[in-house]
Amino acid sequence: MKKLIGSLLAGLLLSVSAWAAVDLNTATQSELESVKGIGPAKAKQIIEYRQKNGRFKSVDDLTQVKGFGEASVAKYRAELVVAGEANPSDQK
């Protein structure tokens, strides 16, 4: 019974973390790597860019990081956020 409850809780925690968006300005390397398609090298580039240039103002700023174009930013957009940025789908 304890194993079953533990498994259910672990599954719940994993599913909740899968739905949580990753903030470009605060994410650790491992948090960035949790985004499908962002590996260790890209995560490191994001962090280095952030350290050198300051906070991202929007997810679109990711195009300023070497290796990220508009297509890749569009692919990652659903999983990335910048705290305080207005959601483009909310603007009408």
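The values are calculated or read from the model by the stated rules, or taken from the named source; none is laboratory data. Small disclaimer: the values here were computed from a predicted structure and weren't measured. So basically every Cβ, Gly included, is an ideal-geometry build from the backbone, and we count neighbours across all protein chains shown.
Here the stretch 18-52 is the region considered, the condition is being modelled with pLDDT under 95 and in a loop (DSSP other than H, G, I, E, B), and the residue that is surrounded by the most Cβ atoms within 10 Å (Cβ to Cβ) is Ala21. From the list Ala83, Ala74, the lone residue that is part of a loop (DSSP other than H, G, I, E, B), among the small types (Gly, Ala, Ser) and surrounded by 11 or more Cβ atoms within 10 Å (Cβ to Cβ) is Ala83. Going by the conditions given, is Arg55 at pLDDT below 95, surrounded by 10 or more Cβ atoms within 10 Å (Cβ to Cβ) and closer than 21 Å to Ser34 by Cβ? So Arg55 fails the test.
Sub-7 Å Cβ pairs linking a first residue in the stretch 48-71 that is among the acidic types (Asp, Glu) to a second residue that is part of a loop (DSSP other than H, G, I, E, B) and modelled with pLDDT under 95, at least 6 apart or interchain, number zero.
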